[in-house]
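**Student:** Mind looking over this structure? Questions follow.
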Amino acid sequence: MSEPNGALVVDTHGKIVFSGEFTEVPAECASATVTDFRPGFLLPGFVDAHVHFPQVFTTDAYGGGELLNWLDRCVFPAEARFSDPDFAREAARAFCAARVAAGTTAALVFGSAFPVAQDALFEETQRIGLRMVSGRGVQTRGPKSASALITDDATAEKLCRKEIEKWHCADAPGRFDEAMLQVALVPRFALSVTPTTFHWMGVLYQEWRDRGLYFHTHLSENDAPGVGEIDSVIRDFDIPDYLSAYDGRFLPGGASGAESLLGRRTIFAHAVHCSAEELNRIAATRSSIAHCPTSQLFLGSGTMPWMQIAARGITIALGSDVGAGDEWLISRVANDCFKVHMSTKAPDATALDPAALLFSATLAGARALDMESLFGNLDSGKDADFIVVDPALWPPLERSLSGVTDVSGLVFSLLMSMREPAIARVFVRGAVVST
């Protein structure tokens with residue numbers, strides 16, 4: 001829905017009680033204070049479905065190669081610095097400030113391996129008033145460069161349980177349907193953990209599944225023959241496909257070793273090179289995919305098959321993947337999303353509709369987080385999470401919008417031309433968010 005002369009009426013609890021044409025605002029709201037943002041635009045707050053907290057200072061780091069090289073040379077050493085409490089607090093402030101500047105009101109955050117850093121992140125997120133799901137990045141094996149991030153399995157399980165008990169629904173105990181702070185189980189990827197890790201994660205996930213615990217990790221990002229991520233996972237675990245590792249079938253030959261980690265609160269980042277069988281399983285379990293086209297360009301990972309995934313009804317939400325992605329602003333990720341799928345070889349090439357791009361940047365993220373009833377668009381009854389975009393603050397956007405009158409053209413120009421300076425205000429639950 002688009003309203004050229006629209007109005008949002010927000011009550012004292014931060015709920016939208018009216019969304020529509022300004023002249024149709026109910027009489028009982030006539031005495032409300034009016035804030036006029038014309039000629040700006042009100043858009044739902046952006047939802048970032050995959051972003052790395054401990055890579056906040058690692059954007060555009062040159063690794064001299066694809067995913068595994070980049071992790072070894074750039075990411076693991078950088079993430080090791082988060083064991084320092086002062087550095088972690090500085091990083092948490094910078095991370096949250098970047099989110100506010102980009103109008104990202106909700107995010108699924110891949111966390112640090114260090115509890116002190118995770119505490120700093122949750123504390124700063126709560127102080128500012130943003131929504132977040134996060135979990136400590138679990139690694140129980142890895143290369144020498146990752147040694148500072150690795151723990152044994154007993155320690156890893158203990159730290160995950162402590163984080164869940166401390167931070168899951170900390171702002172609304174027991175109310176995972178409305179809490180702003182929630183926790184996920186987050187193994188970096190299958191190459192960073194062992195069968196023992198997957199076993200205790202399956203047990204822990206089943207304990208907390210009915211209380212809203214999330215599962216988030218990477219899937220099928222790099223397909224370099226023989227030495228890449230996918231071939232390495234299949235070889236290391238002796239399993240038929242990558243997804244089996246997360247689906248409880250991580251023992252040799254794909255035998256079952258624990259409960260599946262798939263479900264409606266499971267979000268896989270990337271999924272660039274999944275087989276048809278893997279995609280069918282993701283769809284059947286109502287798991288979701290965080291699409292990170294900016295990151296995939298940066299690391300040469302390929303292009304996620306949008307048409308094949310969408311045809312299965314799988315939710316596709318956009319993720320910045322900072323720092324493999326070097327754009328915090330989700331509309332910039334949508335910009336890359338349009339371009340890469342236009343450039344895909346037939347028959348997978350498609351010109352994504354502007355409405356689909358906006359949906360993937362907002363409501364699809366809320367759906368992937370199983371919070372669609374609470375935020376993601378500007379429907380009456382939802383929390384007032386929205387941003388104000390003022391084209392005058394970014395002249396290139398103002399010029400791009402000049403003369404455009406149809407809704408699709410306006411949405412497209414907004415997403416393609418917007419930059420952070422154009423975001424004049426950010427609201428979560430009706431309150432202005434500021435660092």
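The values are calculated or read from the model by the stated rules, or taken from the named source; none is laboratory data. All of these numbers come straight from a predicted model, not from anything done at the bench. Cβ atoms come from the backbone with ideal geometry, glycine included; neighbour counts cover every protein chain shown. These area figures cover heavy atoms from the full protein model, side chains too; ligands, DNA and RNA do not enter into them. Shrake-Rupley method; radii C 1.70, N 1.55, O 1.52, S 1.80 Å.
**Student:** Would you check which residues across the range 326-368 are open to solvent by less than 10 Å² (accessible area, probe 1.4 Å) and either hydroxyl-bearing (Ser, Thr, Tyr) or within 22 Å of residue 283 (Cα to Cα) (or both) and list them?
**Tutor:** Result: 331, 337, 341, 357, 360, 361, 362, 364, 365, 366, 368.
**Student:** Collect the residues in the range 411-427 that are open to solvent by less than 40 Å² (accessible area, probe 1.4 Å) and either in contact with a strand residue (DSSP E or B) (Cβ under 9 Å, 6 or more places away or on another chain) or under 27 Å from residue 10 (Cα atoms) (or both), keeping them in residue-number order.
**Tutor:** Matches in the range 411-427: 411, 414, 415, 418, 422, 423, 426, 427.
**Student:** If residue 104 satisfies all but one of (1) within 14 Å of residue 435 (Cβ to Cβ); (2) surrounded by fewer than 19 Cβ atoms within 10 Å (Cβ to Cβ); (3) touching a Phe, Trp or Tyr at 6+ places or on another chain (Cβ under 6 Å), what's the number of the condition it fails?
**Tutor:** Every condition holds for residue 104 apart from (2).
**Student:** Taking the range 21-55 as the region of interest, how many residues are closer than 26 Å to residue 315 by Cα and either in contact with a Cys (Cβ under 8 Å, 6 or more places away or on another chain) or modelled with pLDDT under 95 (or both)?
**Tutor:** 1
**Student:** Which of (1) touching a helix residue (DSSP H, G or I) at 6+ places or on another chain (Cβ under 6 Å); (2) crowded, with 22+ Cβ neighbours inside 10 Å; (3) farther than 25 Å from residue 419 by Cβ does residue 135 not meet, given it meets every other one?
**Tutor:** Condition (1) is where residue 135 drops out.
**Student:** Just a yes or no: is a residue in the range 288-296 open to solvent by 60 Å² or more (accessible area, probe 1.4 Å), among the small types (Gly, Ala, Ser) and within 28 Å of residue 353 (Cβ to Cβ)?
**Tutor:** Within the range 288-296 (the criterion being open to solvent by 60 Å² or more (accessible area, probe 1.4 Å), among the small types (Gly, Ala, Ser) and within 28 Å of residue 353 (Cβ to Cβ)), the answer is no, since none of the residues qualifies.
**Student:** Let me ask something else. Taking the residues in the range 232-264 that are touching a residue at least 12 places away in the same chain (Cβ under 8 Å) and among the hydroxyl-bearing types (Ser, Thr, Tyr) as candidates, determine which candidate is surrounded by the fewest Cβ atoms within 10 Å (Cβ to Cβ).
**Tutor:** Residue satisfying both the conditions and the ranking: 232.
**Student:** Also: Out of curiosity, is residue 110 within 26 Å of residue 139 (Cβ to Cβ), open to solvent by less than 60 Å² (accessible area, probe 1.4 Å) and in contact with a Phe, Trp or Tyr (Cβ under 8 Å, 6 or more places away or on another chain)?
**Tutor:** Yes; evaluated as a whole, the condition is true for this residue.
**Student:** Out of curiosity, is residue 305 without any contact (Cβ under 8 Å) to a residue 40 or more places away in the chain and farther than 22 Å from residue 109 by Cα?
**Tutor:** Answer is no for this residue.
**Student:** Where in the range 1-90 are the strands (runs of 3 or more DSSP E), entirely inside, with at least 1 residues that are exposed (fewer than 15 other Cβ atoms within 10 Å of the Cβ) and in contact (Cβ under 8 Å) with a residue 12 or more places away in the chain?
**Tutor:** Ranges flagged: 16-21.
**Student:** Could you look through the range 242-268, keep only residues that are touching a Gly at 6+ places or on another chain (Cβ under 8 Å) and among the charged types (D, E, K, R), and pick out the one that is nearest to residue 184 (Cα to Cα)?
**Tutor:** The selected residue is 265.
**Student:** Does residue 178 satisfy the condition of being touching a residue at least 60 places away in the same chain (Cβ under 8 Å) and either closer than 23 Å to residue 369 by Cβ or open to solvent by less than 10 Å² (accessible area, probe 1.4 Å) (or both)?
**Tutor:** Yes; evaluated as a whole, the condition is true for this residue.
**Student:** With 282, 267 as the choices, which residue is open to solvent by less than 10 Å² (accessible area, probe 1.4 Å), within 22 Å of the chain's Cα centre (by Cα), under 30 Å from residue 354 (Cβ atoms) and touching a residue at least 60 places away in the same chain (Cβ under 8 Å)?
**Tutor:** 267
**Student:** Anything in the range 352-380 that is within 23 Å of residue 406 (Cβ to Cβ) and in contact with a helix residue (DSSP H, G or I) (Cβ under 6 Å, 6 or more places away or on another chain)? List them, or say none.
**Tutor:** 352, 354, 357, 358, 361, 377
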